[in-house]
1. For segment 118-139, check the following and say yes or no: at least one residue is open to solvent by 80 Å² or more (accessible area, probe 1.4 Å), in contact with a strand residue (DSSP E or B) (Cβ under 6 Å, 6 or more places away or on another chain) and modelled with pLDDT under 90.
2. Restricting to segment 226-251, give me the number of residues that are over 27 Å from residue 393 (Cα atoms) and in a loop (DSSP other than H, G, I, E, B).
3. Every residue in segment 386-431 that is under 11 Å from residue 357 (Cα atoms), under 33 Å from the mean Cα position of the chain (by Cα) and in a strand (DSSP E or B), please.
4. When you check residue 66 against the structure, is it assigned to a helix (DSSP H, G or I), basic (Lys, Arg), out of contact with any Gly (no Cβ under 7 Å at 6 or more places or on another chain) and open to solvent by 50 Å² or more (accessible area, probe 1.4 Å), yes or no?
5. Identify the residue in segment 212-229 that is modelled with pLDDT under 90 and of a type outside the set (A, V, I, L, M) and, among all such residues, is nearest to residue 315 (Cα to Cα).
6. Tally the residues that are touching an Asp or Glu at 6+ places or on another chain (Cβ under 8 Å) and modelled with pLDDT of 80 or more, restricting the search to segment 145-187.
7. Can you report the number of residues in segment 94-117 which are under 21 Å from residue 163 (Cα atoms) and surrounded by fewer than 13 Cβ atoms within 10 Å (Cβ to Cβ)?
8. Restricting to segment 188-211, name every residue that is modelled with pLDDT of 70 or more and farther than 22 Å from residue 302 by Cα.
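The values are calculated or read from the model by the stated rules, or taken from the named source; none is laboratory data. Please read these numbers as outputs of a predicted model, since none were measured by experiment. Positions of Cβ are generated from backbone atoms using ideal geometry, with glycine treated the same way; all protein chains shown enter the neighbour counts. The accessibility values were calculated without ligands, DNA or RNA, using every heavy atom of the protein model including side chains. Shrake-Rupley method; radii C 1.70, N 1.55, O 1.52, S 1.80 Å.
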Amino acid sequence: MSDPTDDPVDVPADGSTHAPADAPTDVPADEDFVLPAGLPEDSVEDLYENAPCGYLSTLPDGRIAKINKTLLDWLGYRRADLVGRRRFADLLTVGGKLYHETHFAPLLRMQGEISGIALELKAADGSRLPVLVTSRIKTGQDGEPLLIRTTVLDASDRRAYEAELLRARQEAERERERLQRLAATLQRTLLPPALADVPGLDVAAYYHIASVDEVGGDFYDLFPLTGGSWGLFLGDVCGKGAAAAAVTSLARYTLRAAAVYDADPAAVLAHLNTALHRDDAVEPRFCTVLYGRLEPCAEAGGFRIVLASGGHPPALLIRADGSADELPTPGGQLIGVLPDARIVTTTVRLAPGDALLLYTDGLTEARTDGADGAGGRYGEEALLRFVRALAPTTAAGAVAALADLLSTLGSGVDDDTAVLVVGVPPCPGSDRTQRELS
């Protein structure tokens, strides 16, 4: 911004000014406009000295050549203290001087102008004044610099506002961290601290959290039942947050309680459907679930599993011979939507070296980037190909591979994913056992 007293100002002899040619016609001509009585006449000098911002002009070597009354009042100096005696850099704090020498002045010389730089000026009483500085070089006809004109804006209110914003942001971050801790704690209460140790069975599980800010609705468990049998389930509640956590907790405890009194997996899911289906519910309370009952096969070895499905993606059966395929449970309906949901069951035997993989759809619905850059979903077919490449595998090996897969998908996984794998160790002396030992 220019210094009003550095250059002559063209003012008509009668002191009048003229409106531009494109001024609106309904605005009276200047000669018809009369200043209110008693209004003092503005002068260029008065506008400069009492401007609402600070002005100063410095010589190329930095010495102050001119400074207005506004800036003098802000800093508490007399004009004689500064003009011809001090440099602009002398008014800066130590950090400001360093910035002026290394950044401000070189950029100004290179560009001829620099705008909106935040600095602090030292007042005569030692206090600091936060300001925003804009400088421009005035050159002569030969292109050599004559003056550096500088405009100074008081940034005290802005600095206070920025400090308040920073305080609010820090408070918000602390609150977010507190909520994240609460969400993590609540999430842990919805999952078993450890899976039961089933004789003759390898088990492994993994829970991938998509967002630390919200509690997910995926759940799983493995627990003992009567007669040497075991119950397992894996499910996915609709939604996230506290409401989903409440449904998750209800689902887990309902399944465990129903499994104690009813050996039929379909009946167990029917009990859960009744618990979730409430006509007076404000929000939908439904989920997809796989529930299975495991019984050891004493003569043939391995385990027999009766698996019931309530609208959940099919489990994957990984055989010891290196094959893998879906365990079909078509037609099962969501649990909690209808008063009498259709529940389907299937029965399979896990022989030595076989494994059964249960998962939630956070993995198959993860976003991926195709070769053409278009985003898609990972999908069940891709997961089946991935698992076939693993077969044969152990429960721990399958879970580790899926955990790595989820990490490679990164932010594409926008929903929590739960994985539960149960497998029967291969028989001693089998080809697979020999390979693993070698």
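1. no
2. 3
3. 418, 419, 420, 421 - these are the residues of segment 386-431 that are under 11 Å from residue 357 (Cα atoms), under 33 Å from the mean Cα position of the chain (by Cα) and in a strand (DSSP E or B).
4. Judged against the criteria, residue 66 is not a match.
5. Step by step, filter segment 212-229, then rank; the result is 218.
6. So the count comes out to 2.
7. Count: 2.
8. Hits for segment 188-211 are 191, 192, 193, 194, 206, 207, 208, 209, 210, 211.
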